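**Student:** Following this message is one structure expressed as structure tokens.
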Amino acid sequence: MRTSLQSVIKDPSLAPEGRLKIDWASAHMPVLNRIREQFEREQSFKGLRVAISLHLEAKTAYLAKVVQAGGAEVAITGSNPLSTQDDVCAALVEDGIAVFAKYNPTPEEYHNLLVKTVETKPDLIIDDGGDLVTILHTERQDLISNVRGGAEETTTGILRLKAMDKEGSLKFPMVAVNDAYCKYLFDNRYGTGQSVWDGINRTTNLVVAGKTVVVNGYGWCGKGVAMRAKGLGANVVVTEVDAIKAVEAYMDGFTVLSMDEASKVGEFFVTVTGNRDVIRGRHIANMKDGAILSNAGHFDVEVNLVELAELAVSKRTVRRNIEEYALKDGRRIYVLAEGRLVNLAAGDGHPAEIMDMTFALQALSLKYVNDNYASIGNRVVNVPYELDEQVARTKLESLGISIDRLTDEQKAYLDSWASH
Ligand code: NAD
Ligand code: SAH
């Protein structure tokens, strides 16, 4: 359904470029295309308002259009001030979607755009890191009773929702999309693995082969970033706080060091922990001249930029998305994309085929929560396994890959404790 709401975007005349980007992405999203047909047929969201906060680029735009095709009136905003693409926003407005987003707003503008999105009085939400949920549970609690439920995209957002659920403060059901197999196995690992290096390479235009790359955090994202760094020919060092993940990194063939040690040898650093102050003053004090710091975790707090600035005598932009900090002893430390997610703030984020599966899960989860919100209650729930499997099967079909099925004898064998 087309909206009559007034959008807030940078420049409507950019729509043709945005449309080309959306068309290119959607042509590489076969799973979501199949869901679009289903939603169009069933009118799954007829008469409902859906508010979305996600990195506002072409793949996300196509998800918004799929939800709209299901009969919803859609309002959308970004989930990071640097990842919104103004041309994509313009194309969406032409398509009758309410857009409240622009590239690089001030922190106050960014917040106001989120609030405006919430003020469309959504029945359903899609969130990425909890911005919409937080506003609905704090400054706009008056709008909360209208919300049936929603779906959350990322690891950090789900951690926060679970904390709310535990203390009993969550006021509507939320589906933890990140925790589905077809999300973290592919999006966090292969998506982040590829797009982080895409972001770093296009931003720095420097060689990776032969250099030492330090990956902070060996979770699902860190595994992908380390794997692809190895593929580019780097010497890869991993730092961890979890003993099991550290052994895993060691067995995967990486050098595992404490950050005090790793900070002395790294040439590229990628933080991807979901934690704060992973790189701080004491580590920067050890670093080589020319070290390049980037972050792929949720917030811009993984590199402590305040402590870096305290150690510096000057700061200047040396290339788009690269800040040089000159230290008192003459060393120079470079920070990419202001310490925000380098793959999204200095790139286009994950590739289309990856977001195809992630956003297929988002779309199906939104329908699931709409159909079942009363029985789910105000809790964080997982994506039902059947939906996860549906996404994997559709993906395989789109690739022309068939897999085997269990015979009756095999099923009986697996179900029996006595057979041998
Ligand atoms: P995860 O929980 O699987 O992994 C995080 C890892 O970091 C854990 O192994 C943890 O032990 C480790 N860690 C925590 N504190 C640390 C520290 N001080 N030093 C070293 N290691 C530390 O999470 P994930 O799915 O890999 O996500 C990581 C972050 O990336 C989250 O904030 C998530 O929201 C974000 N994310 C980003 C993208 C992207 O496109 N850039 C994609 C998905 C998720
Ligand atoms: N609000 C956060 C966003 C978390 S980013 C912030 O401050 O930036 C992590 C999420 O971005 C991941 O879970 C991933 O699914 C999503 N993502 C990665 N590439 C994307 C893309 N091309 N389009 C939309 N979302 C993307």
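Values in this text are rule-based calculations from the coordinates and carry no lab data. A quick note: this is a predicted structure, and the numbers were derived from the prediction, not measured. Glycine gets a Cβ as well: all are built from the backbone with ideal geometry, and neighbour counts include every protein chain shown.
**Student:** Checking understanding here: applying a Kyte-Doolittle mean of at least -1.0 and a length along the axis of at least 24 Å (C-alpha), which whole DSSP H helices in the chain pass?
**Tutor:** Flagged H segments are 352-376.
**Student:** A further question on this structure: Calculate the spin-label point distance for E17 paired with K328, positioning each point 7 Å from the Cα along the beta-carbon direction, and give it in nanometres.
**Tutor:** It works out to 4.4 nm between the two label points.
**Student:** In whole angstrom, how long is each semi-axis of the equivalent ellipsoid of the stretch 133-223, when you take the square root of 5 times every eigenvalue of its Cα gyration tensor and sort them from largest down?
**Tutor:** Working through the eigenvalues yields semi-axes of 36, 14, 12 Å.
**Student:** Taking a threshold of 30 Å on the Cα-Cα distance, which of the pairs K59/K367; K46/K411; K59/K162; K183/K411; K230/K288 fall above it? Let's see the in-between values first.
**Tutor:** Details: K59/K367 19 Å; K46/K411 41 Å; K59/K162 27 Å; K183/K411 28 Å; K230/K288 21 Å.
Result: K46/K411 exceed 30 Å.
**Student:** Here's a follow-up. Based on the alpha-carbon gyration tensor of the chain and its eigenvalue square roots a ≥ b ≥ c, which shape applies: rounded if a/c is under 1.5, prolate if not and a/b is larger than b/c, or oblate?
**Tutor:** Taking the square roots of the gyration eigenvalues as a ≥ b ≥ c, the chain is oblate.
**Student:** Across the chain, where is the longest run that never hits trypsin sites (Lys or Arg not before Pro) in a DSSP loop with at most 11 other C-beta atoms within 10 Å?
**Tutor:** The segment 47-319 is the longest one with no such site.
**Student:** Okay, next question. Let me have the relative contact order for the chain, percent, based on Cα pairs under 8 Å that are six or more residues apart.
**Tutor:** 16 percent
**Student:** Right, next: Using a Gaussian network model of the chain whose springs link C-alpha atoms within less than 10 Å, name the residue from H28, H55, H111 with the highest mean-square fluctuation.
**Tutor:** Taking springs between Cα atoms under 10 Å, the residue moving most is H111.
**Student:** Turning to a different aspect of this structure: Give me the number: length gained by fully extending N201 to D371, i.e. 0.36 nm times residue separation minus the C-alpha to C-alpha distance, one decimal in nm.
**Tutor:** Contour length minus Cα-Cα distance gives 56.8 nm.
**Student:** Looking at the chain as a GNM with Cα springs under 10 Å, which of V241, V66, V177 has the largest mean-square fluctuation?
**Tutor:** Of V241, V66, V177, the Gaussian network model singles out V241 as fluctuating most.
**Student:** Over the Cα atoms, compute the radius of gyration (one decimal) and Dmax (the largest Cα-Cα distance, rounded to a whole number) for the stretch 174-289, in Å.
**Tutor:** My reading of the Cα-based Rg and Dmax gives 14.0, 46 Å.
**Student:** Using 7 Å Cα-to-Cβ label points, what is the V306/Q38 separation (nm, one decimal)?
**Tutor:** So the two model labels end up 4.7 nm from each other.
**Student:** Also, quick follow-up: Hey, what number do you get for the chain at 222 nm if only DSSP H runs of n ≥ 4 count, each worth -39500 (n - 2.57), divided across all residues, to the nearest 500?
**Tutor:** Only helices count here, giving -13000 deg cm²/dmol.
**Student:** Between R320 and D252, what length comes free when the chain is fully extended (0.36 nm per residue of separation minus the Cα-Cα distance, one decimal in nm)?
**Tutor:** Stretched fully, the R320-D252 segment lengthens by 21.0 nm.
**Student:** Could I ask something else about it? Taking only Cα atoms and a 10 Å spring cutoff, compute GNM fluctuations for the chain and point out the largest among D179, D23, D198.
**Tutor:** Largest GNM mean-square fluctuation: D23.
**Student:** Next up: Given the chain, what percent of its DSSP beta bridges are antiparallel, to the nearest 5?
**Tutor:** Taking every DSSP beta bridge within the chain, about 20 percent pair in antiparallel fashion.
**Student:** Right, another one. What is the stretch 1-130 by shape, rounded, prolate or oblate, if you read a ≥ b ≥ c off the alpha carbon gyration tensor as root eigenvalues and call it rounded for a/c under 1.5, prolate for a/b larger than b/c, and oblate otherwise? Display every interim value, and only then the final one.
**Tutor:** Numbers: a/c = 1.69, a/b = 1.25, b/c = 1.36.
Oblate is the answer for the stretch 1-130, as a/c is 1.5 or above yet b/c matches or exceeds a/b.
**Student:** When only C-alpha pairs under 8 Å and at least 6 residues apart count, what is the relative contact order of the stretch 41-98, in percent? It would help to have the intermediate numbers written out before the result.
**Tutor:** Numbers: 85 pairs, mean separation 23.9, N = 58.
41 percent.
**Student:** Now for a separate question. What FRET efficiency would be calculated for the residue pair S4, E389, taking the C-beta separation as r and a Förster radius of 41 Å, to the nearest 0.05?
**Tutor:** Calculated transfer efficiency: 0.55.
**Student:** Please list, by residue number, everything in the stretch 175-201 whose backbone N is under 18 Å from a paramagnetic label point 7 Å out along Cα→Cβ of S398.
**Tutor:** Once the point is set 7 Å along Cα→Cβ of S398, 178, 180-192, 194-195 turn out to lie under 18 Å by backbone N, inside the stretch 175-201.
**Student:** Report the GluC sites (Glu not before Pro) located in the stretch 222-277 that are in a DSSP loop and have at most 15 other Cβ atoms inside 10 Å of their Cβ, or state none.
**Tutor:** Sites meeting the loop and neighbour criteria: none at all.
**Student:** Here's a follow-up. Once Rh is set to the Kirkwood radius over Cα pairs, what Stokes-Einstein translational diffusion coefficient, in µm²/s, holds for the stretch 286-355 at a temperature of 25 °C and a viscosity of 0.890 mPa s?
**Tutor:** Numbers: Rh = 12.8 Å.
Estimated diffusion coefficient is 192 µm²/s.
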